[in-house]
Amino acid sequence: MNNLKGELAVMDNLGIKPNYAALGRKYGMDPRTVKKYHEGYEGKPSTRNKGSRLDEYRDEIIDKLSIRRITVQGVYEFMVKKYGIDRIGSRSNFQRYVNENKLKPKSSSSGHPRYEKGPGEQAQVDWKEDISIADRWGEIFVVNVLHITLKYSRFSHLDMSVQKRFEDVSRGLINGFIKFGGVPRELLFDNMSTVANINAKPKKPTDAISKLAKGFGFKVRFCRSRKPETKGTVEAKNKVIDWIRAYEGEFEGLEELAAIVETINKDMNITINQETDMSPTALFYKEKEYLQPLPARSIIDTYLTPIKYKVSDEALIRYGDNKYSVDPKLIGEEVSVDLFDNKLCVYYNGKLVTFHALNENSINYHKDHYTALMEGKVKQEDMENIVTENLAMMDTLLESRRVNVSEIEATKSAEALIAYINQSEYGRWIIGYFAHLSLDERLVFIKGMNSVLPYVGNRENLMSHLKFSMRENKCKTLDFDCWVNDFMAMSEADCILTDEGYEVIKDKYSIEIDNLLEEMRLEHEREEAATRAEVHTSTPVNPDLDFKLPEGEELPF
């Protein structure tokens with residue numbers, strides 16, 4: 001091409017008119033192309049300034065990458081789930097686009113040595129605590145994710161919970177063992193307060209985790225203080241849990257969030273691991289043969305289903321006086337429940353399946369549960385209208401059946417008293433007990449209730465207290481019992497009586513109260529004397545001096 005340009009330049013300098021046809025034959029190109037070069041054409045640029053397919057998503061990518069502690073991998077997985085891999089492209093191309101456009105600043109980290117374990121030898125455990133994330137309606141959910149990773153294969157299990165008790169730890173661990181089909185020989189933890197007694201030196205397992213370890217056959221290990229890199233496999237994979245942050249504002253409700261966590265778990269077990277250059281699922285195919293067998297089902301059930309509720313044919317479970325829906329797929333099955341932040345969380349085989357806000361409605365259906373229950377019973381095109389109308393009608397009927405009776409009204413008749421009790425979450429139990437009383441015992445109960453009702457400031461505290469008074473004296477001294485409750489209460493929220501009622505009943509039982517206080521004073525003096533005697537006869541022991549590693553054992557660092 002340069003020869004053609006040179007020859008054309010010489011001709012111009014000599015004043016010779018170029019023969020485009022002859023030059024075209026000489027250089028093997030169209031005469032019109034030769035003419036274009038003569039008129040100043042420079043040829044096609046060596047590089048093309050072509051836009052990326054990701055340009056249309058640039059703002060959303062920037063928005064997601066601005067989320068605290070989010071990873072590029074997390075944003076990529078979210079974008080692929082939302083728009084499809086055909087539109088987003090490969091993982092490497094996505095990373096290159098982010099790097100070239102400097103959409104996320106680089107992070108720095110200090111180096112540390114790595115170590116490996118053989119198949120079935122170790123799993124590493126960590127909490128991802130207090131993940132705060134909002135759904136599409138702006139409701140904030142604060143959840144925790146227990147992360148268990150098999151060191152050899154990097155195959156992992158994620159378990160979401162709304163609390164951080166040992167019950168949640170044990171449930172998450174057992175669900176992981178069930179998923180793995182066996183138990184590794186040891187679990188490596190950090191300073192999780194639910195498993196480590198961090199006040200002991202060196203750290204010791206809590207009694208709860210020691211009991212679980214004995215039942216399932218694993219040893220408890222702790223990584224070195226301020227050295228989380230000894231638990232590097234799960235720490236590195238915890239970045240994957242941050243994928244959940246990309247779903248900020250993209251889900252609806254706790255059930256959908258739990259499903260997202262499960263999907264993320266499946267993806268991370270399939271994705272090629274950069275350290276092993278293999279899919280964790282592929283390596284797990286080998287490692288699972290080396291795991292210890294699971295214990296008897298009775299041991300597993302002790303931890304997973306402490307209290308069971310059977311799902312009715314209406315896809316409802318009864319909790320207290322009210323009923324709450326679950327997925328109709330669980331009809332006939334047994335579920336367990338847990339309370340947190342005024343929410344009823346429902347578990348099936350240890351997995352969170354739904355939740356409800358506790359309220360006074362006797363029947364509580366999630367719309368999707370009711371819709372699934374109606375499948376095949378109405379035409380699909382009529383489904384939305386029928387479901388909406390039925391649920392609205394149900395709420396209307398429930399509202400119309402509410403009976404509001406005040407404390408003063410409740411003293412006017414036995415029917416009014418029963419209606420008053422029926423308003424409480426404890427009402428079903430109290431009325432059921434009342435129904436089995438003799439006529440004389442019923443009269444004692446009604447008289448006792450009438451003596452205290454004019455002075456009640458907190459109905460639910462009274463109803464809770466009734467369970468004990470009904471058993472002990474059929475509420476014969478209910479007003480006195482309530483005064484004692486308030487006298488011993490730790491806070492105003494635990495009190496039953498109004499301030500005025502407290503003083504009225506105090507005056508009524510002044511002699512009995514003086515006797516009670518004198519008895520309490522003498523009991524306190526006896527306890528103090530016993531404590532002093534025990535202190536003088538005991539020998540102080542330093543528990544740190546008694547700790548020894550078993551023969552042949554060594555610390556995991």
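The values are calculated or read from the model by the stated rules, or taken from the named source; none is laboratory data. Note that this is a predicted model, so its numbers are computed, not measured. Every residue, glycine among them, receives a Cβ derived from its backbone with ideal geometry; neighbour counts consider all protein chains shown. When the accessible area is computed, the model is the full protein with side chains, heavy atoms only, and any ligands, DNA or RNA have been set aside. Shrake-Rupley method; radii C 1.70, N 1.55, O 1.52, S 1.80 Å.
Quick notes on this structure:
- Number of the exception - Met394 against (1) open to solvent by less than 50 Å² (accessible area, probe 1.4 Å); (2) modelled with pLDDT of 85 or more; (3) not basic (Lys, Arg): (2)
- Region 488-508: number of residues that are modelled with pLDDT under 90 and over 20 Å from Gln423 (Cα atoms): 5
- Note on region 488-515: residues that are without any contact (Cβ under 8 Å) to a residue 12 or more places away in the chain and touching a Lys or Arg at 6+ places or on another chain (Cβ under 9 Å) total 0.
- Output for region 76-88, where each listed residue is more than 17 Å from Asn273 (Cβ to Cβ) and open to solvent by 10 Å² or more (accessible area, probe 1.4 Å): Val80, Lys81, Lys82, Tyr83, Gly84, Ile85, Asp86, Arg87
- Filtered by the rule that a residue be part of a strand (DSSP E or B) and farther than 22 Å from Leu352 by Cβ, region 279-324 gives a lone residue, Gln292.
- Verdict on Lys82 being over 24 Å from Phe180 (Cβ atoms) and modelled with pLDDT of 85 or more: yes
- Pairing residues of region 260-278 that are assigned to a helix (DSSP H, G or I) with residues that are of a type in the set (Asp, Glu) and surrounded by 14 or more Cβ atoms within 10 Å (Cβ to Cβ), at Cβ distances under 8 Å and at least 6 apart in sequence or on separate chains, gives Ile264/Glu77; Asp267/Glu77.
- The one condition in (1) open to solvent by 50 Å² or more (accessible area, probe 1.4 Å); (2) at pLDDT below 90; (3) within 26 Å of Phe180 (Cβ to Cβ); (4) not aromatic (Phe, Trp, Tyr) that Lys266 fails to fulfil: (2)
- Put simply, of Asp135, Asp130 the only residue that is touching a residue at least 12 places away in the same chain (Cβ under 8 Å) and either touching a helix residue (DSSP H, G or I) at 6+ places or on another chain (Cβ under 7 Å) or open to solvent by less than 20 Å² (accessible area, probe 1.4 Å) (or both) is Asp135.
- Considering only residues in region 420-454 that are of a type in the set (A, V, I, L, M, F, W, C) and under 17 Å from Ser406 (Cα atoms), the one that is farthest from the chain's Cα centre (by Cα) turns out to be Ile446.
- Residue match in region 243-253 (condition: in a helix (DSSP H, G or I), surrounded by 19 or more Cβ atoms within 10 Å (Cβ to Cβ) and modelled with pLDDT of 85 or more): yes
- So Ser66, is it at pLDDT 85 or above, exposed (fewer than 15 other Cβ atoms within 10 Å of the Cβ), within 30 Å of Ile244 (Cα to Cα) and under 36 Å from the mean Cα position of the chain (by Cα): no
- Check on Glu528, of a type in the set (Asp, Glu), modelled with pLDDT of 70 or more and loosely packed, with under 11 Cβ neighbours inside 10 Å: yes
- Residue count, region 188-230 (criterion: at pLDDT 90 or above and farther than 15 Å from Leu173 by Cβ): 0
- Residues in region 116-164 that are more than 16 Å from Leu187 (Cα to Cα) and aromatic (Phe, Trp, Tyr): 2 in all.
- Test: residue in region 298-314 that is of a type in the set (Gly, Ala, Ser), touching a residue at least 60 places away in the same chain (Cβ under 8 Å) and surrounded by fewer than 17 Cβ atoms within 10 Å (Cβ to Cβ): no
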